[in-house]
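**Q** My questions will all concern the structure given below.
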Amino acid sequence: MLRWTLAKVLQTAAVLLIVSAASFSLLKLAPGDPVELMLGDDYSKESHQSLMIQLGLDRPLPEQYVDWLGRFVRGDWGTSFVSRTPIFQYAFVEALPVTLTLSAAALGLALLIGIPLGVLSAVRKDSAWDAAAAAFSLTGSAFPSFYLGILLIWIFGVAFGLFPTMGFVAPWQDFWGGAYHLVLPAITLSTPFMALIVRITRANLVEVLEQPYIAAARARGEPAWRITWVHGMRNVLMPLATIVGLQLGALLHGAVLTETVFSLPGVGRMITDAVLNREYMVVQAGVMMTGCLVIFTNLAVDLSYPVLDPRLRPR
Amino acid sequence: MAVRDLSGADRGVRLRAPTLLRFLAHQLAARPFFVIATAVSLAFLFAAIFAPWVAPYAPNFQDSDALMAPPSAAHWCGTDSFGQDLLSRVIFGTRYVFLIGFSSVVIGAAGGLAIGLAAGLTQGAVEWGLMRFVDAILALPSLIMAIAFISILGPGIDKVIYAVGFAMIGPFARTVRADVLQVRAQAFVEAAGLMGVDRLRIIWRHILPNVIFPLAVQATIRIAEAILVSSALSFLGLGVVPPAPDWGLMISEGRAFISIVPWISGVPGAALALLLISLSIVGDGVREQFDPKLRANR
């Protein structure tokens, strides 16, 4: 068990190193001279040279990488050329909570609605209900989310005026106001995810319900809800956990678009604006943050398998 | 599956065309959604190839008498804020959609094949390193990875193709590796090895053919994803540059006018949604056809 855990952690560390090296090279490959960007149009050769040395840009690349990684881990992510504020403050303290709140709301909504829908269509297999759920799951997973967001803005924001169509209110300051502002973005982001959860829950539960142990439970006269939710769902948890973990990347991908559609000041908006403003250090910070988020979630999912499924516990 | 009715009655009596019609009718009855979705996807492909003949106007023709005009006889889907005909722009836009979709999938599949083969055929530290490399690609969501590439490469159609293509290497590499491992464990590969067949020849004659086919199936399924990511890039203003009639770009242009003229975003968005849903039904059908495990579950 310890050995297996250690191997997983080692793998994760290697992946982290590769992602960080890639993020580092992003800055090196980016067009333009960072020193020129910082100095503006008018500078002397001496000031250019001294800033190069001050920034350590004259040293060999591996040394620069180690130096950069060390500063990154300590939270020194550099200063934004545009706003002249520390990038760590902007990216980690301000933007990341917005994206995490949005993603958590979308994930919660997707699980809360998706699982019961999936269970219902598995229990009533081949009914009209099942067909409707299948149609929803197909449409929902293929529908472009940014277009869905615009449609929701048009229908609920403009035509009916029910929900706000832009802006973010922190739920930890004003819970109901925050939730109210999150309704449309959360629906937009959760739809493809919900569709997937319906599909996964249905497919796995259908298979599980055909198992002999379910027949045995029925024969013992256990109530239907217990058979489905206790005996059946126990074995659907694993694939669900896998999907939730694997799809976190897709969730962040959707968050980039949702944030742009609804003008939310999250990581996605930050990266998009940074590319448009040629602020490569901010792009780099965004890439590192999303990469780390996905990598650590994957590790958590991997490590949760033995907890969720006793058969996988290595002896 | 078994499709053509070749029972004695028709053979040699009917001509080719009715047989084809019967075939289509049979398919339509057996798998209506798949046939309709295939027809819709082919219609989009047709529109892309024959755009100049199908579209009523040139994509950048500006009708200054009809700015933001609602759908009418002259402009079936209305016009945008420059007076450009939306239907024509959507039709010309299919060219970008398919060009970017196909090309980037080819790049992703080729890169994935190379890395997946290497990871599947090597052992020990090299395999471990390659797999961590694939994990690292997979750790970044495809859109964010594509954005990172765009930030280095700059905007433009060719850049979008590269960015989306590179971002798709990870998933392809992972499936190729899994296929390689499966094929490598087969008795015929082992037999070839024991017979002293050259290692490169085994890869070329025995492993590659068994990996290419599932890869092609994967590629058809992933075209929809490539189209989605590339139009998302354009929607964010990081992809194809205006005034090209790219759907993502058109949706983003119409966003400012959503409350007064909803069709500017609505028309290209509906086209994108229709195409993606159709492609996903086609992809599911293709996967079902070639994956016996999936068929058994139905």
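The values are calculated or read from the model by the stated rules, or taken from the named source; none is laboratory data. Note that the structure is a prediction, hence the values are computed from the model and not measured. Positions of Cβ are generated from backbone atoms using ideal geometry, with glycine treated the same way; all protein chains shown enter the neighbour counts.
**Q** Is it the case that B:Gly108 is away from every other protein chain (no Cβ under 14 Å), crowded, with 24+ Cβ neighbours inside 10 Å and within 20 Å of the chain's Cα centre (by Cα)?
**A** yes
**Q** Identify, from the list B:Val54, B:Val97, the residue that is at pLDDT 85 or above, closer than 30 Å to B:Val164 by Cα and in contact with a helix residue (DSSP H, G or I) (Cβ under 9 Å, 6 or more places away or on another chain).
**A** Criteria check complete, one pass: B:Val97.
**Q** Looking at B:Ile260, is it among the β-branched types (Val, Ile, Thr) and crowded, with 19+ Cβ neighbours inside 10 Å?
**A** Criteria not met by B:Ile260.
**Q** Same structure, new question: Among the candidates B:Ala191, B:Ala244, single out the residue that is more than 13 Å from chain A (Cβ to nearest Cβ) and part of a helix (DSSP H, G or I).
**A** B:Ala191
**Q** So which of A:Leu51, A:Leu26, A:Leu55, A:Leu17 ends up being within 14 Å of another protein chain (Cβ to nearest Cβ), out of contact with any strand residue (DSSP E or B) (no Cβ under 9 Å at 6 or more places or on another chain) and within 16 Å of A:Met281 (Cβ to Cβ)?
**A** On inspection, the qualifying residue turns out to be A:Leu26.
**Q** Pairs, please: C-beta under 8 Å, at least 6 apart or cross-chain, first residue farther than 17 Å from A:Thr258 by Cα and in region A:151-165, second surrounded by fewer than 17 Cβ atoms within 10 Å (Cβ to Cβ)?
**A** Final answer for the pair search is A:Val158/B:Ser259.
**Q** Just name the residue that is nearest to A:Asn277 (Cα to Cα) out of those in region B:121-149 that are within 11 Å of another protein chain (Cβ to nearest Cβ) and in contact (Cβ under 8 Å) with a residue 60 or more places away in the chain.
**A** Only one residue tops the list, namely B:Ile147.
**Q** Further question: Test B:Ser231 against the criterion of being facing chain A (nearest Cβ under 8 Å), surrounded by fewer than 17 Cβ atoms within 10 Å (Cβ to Cβ) and more than 30 Å from B:Val183 (Cα to Cα), and give yes or no.
**A** no
**Q** Hey, among the residues in region B:152-172 that are closer than 20 Å to B:Leu138 by Cβ and of a type outside the set (A, V, I, L, M, F, W, C), which one's surrounded by the most Cβ atoms within 10 Å (Cβ to Cβ)?
**A** My answer is B:Gly165.
**Q** Based on this model, can you work out whether A:Ala95 counts as of a type in the set (Gly, Ala, Ser) and under 13 Å from the mean Cα position of the chain (by Cα)?
**A** Taking the combined requirement at face value, the residue does not satisfy it.
**Q** Please work out if B:Arg255 is in a helix (DSSP H, G or I) and without any contact (Cβ under 8 Å) to a residue 12 or more places away in the chain.
**A** Yes.
**Q** Mind listing whichever residues of region B:23-47 are more than 17 Å from B:Asp284 (Cα to Cα), within 23 Å of the chain's Cα centre (by Cα) and among the small types (Gly, Ala, Ser)?
**A** B:Ala43, B:Ala47
**Q** Return yes or no: is A:Val244 modelled with pLDDT under 90, more than 26 Å from A:Ser304 (Cβ to Cβ), among the β-branched types (Val, Ile, Thr) and assigned to a helix (DSSP H, G or I)?
**A** No: the conditions fail for A:Val244.
**Q** B:Leu238 - would you say it is in a helix (DSSP H, G or I) and touching a residue at least 60 places away in the same chain (Cβ under 8 Å)?
**A** no
**Q** Still on this structure: From the set of residues in region A:27-60 that are under 33 Å from the mean Cα position of the chain (by Cα) and surrounded by fewer than 11 Cβ atoms within 10 Å (Cβ to Cβ), which is modelled with the highest pLDDT?
**A** That would be A:Pro31.
**Q** Looking at B:Arg201, B:Arg222, B:Arg184, can you tell me which residue is out of contact with any Asp or Glu (no Cβ under 9 Å at 6 or more places or on another chain), farther than 16 Å from B:Ile107 by Cα and of a type in the set (Lys, Arg)?
**A** The match here is B:Arg201.
**Q** Quick check on my filter: what residues within region A:169-186 are surrounded by 21 or more Cβ atoms within 10 Å (Cβ to Cβ) and hydrophobic (A, V, I, L, M, F, W, C)?
**A** Matches in region A:169-186: A:Leu182, A:Leu184, A:Ala186.
**Q** Follow-up question, since we're still on this one. If we keep just the residues of region A:274-295 that are within 11 Å of the chain's Cα centre (by Cα), in contact (Cβ under 8 Å) with a residue 60 or more places away in the chain and more than 7 Å from chain B (Cβ to nearest Cβ), which is surrounded by the fewest Cβ atoms within 10 Å (Cβ to Cβ)?
**A** Selected residue: A:Cys292.
**Q** Has region A:305-315 got any residue that is surrounded by fewer than 19 Cβ atoms within 10 Å (Cβ to Cβ) and within 10 Å of chain B (Cβ to nearest Cβ)?
**A** No, region A:305-315 contains no residue that is surrounded by fewer than 19 Cβ atoms within 10 Å (Cβ to Cβ) and within 10 Å of chain B (Cβ to nearest Cβ).
**Q** Quick check on this structure: which one of A:Ala104, A:Ala91 is hydrophobic (A, V, I, L, M, F, W, C), within 14 Å of chain B (Cβ to nearest Cβ) and on the phi < 0 side of the Ramachandran plot?
**A** A:Ala91
**Q** Evaluate the following for A:Trp176: is it closer than 23 Å to A:Ser127 by Cβ and among the hydrophobic types (A, V, I, L, M, F, W, C)?
**A** It is false that A:Trp176 is closer than 23 Å to A:Ser127 by Cβ and among the hydrophobic types (A, V, I, L, M, F, W, C).
**Q** Let me ask something else about it. Looking for something surrounded by fewer than 18 Cβ atoms within 10 Å (Cβ to Cβ), away from chain B (no Cβ under 14 Å) and part of a helix (DSSP H, G or I) - is there at least one such residue anywhere in region A:190-210?
**A** No, because not a single residue in region A:190-210 is surrounded by fewer than 18 Cβ atoms within 10 Å (Cβ to Cβ), away from chain B (no Cβ under 14 Å) and part of a helix (DSSP H, G or I).
**Q** Hey, another quick one. Just to check your reading of the model, which residue among B:Ile152, B:Ile115 is within 24 Å of A:Met289 (Cα to Cα) and within 14 Å of another protein chain (Cβ to nearest Cβ)?
**A** It is B:Ile152.
**Q** Any chance you could count how many residues in region B:257-288 are among the small types (Gly, Ala, Ser), under 14 Å from B:Val35 (Cα atoms) and more than 7 Å from chain A (Cβ to nearest Cβ)?
**A** Selection size over region B:257-288: 3.
**Q** Among the residues of region A:247-261, write down those that are more than 8 Å from chain B (Cβ to nearest Cβ) and either in contact with a Phe, Trp or Tyr (Cβ under 6 Å, 6 or more places away or on another chain) or charged (D, E, K, R) (or both).
**A** Once the filter is applied, which keeps residues that are more than 8 Å from chain B (Cβ to nearest Cβ) and either in contact with a Phe, Trp or Tyr (Cβ under 6 Å, 6 or more places away or on another chain) or charged (D, E, K, R) (or both), region A:247-261 yields only A:Glu259.
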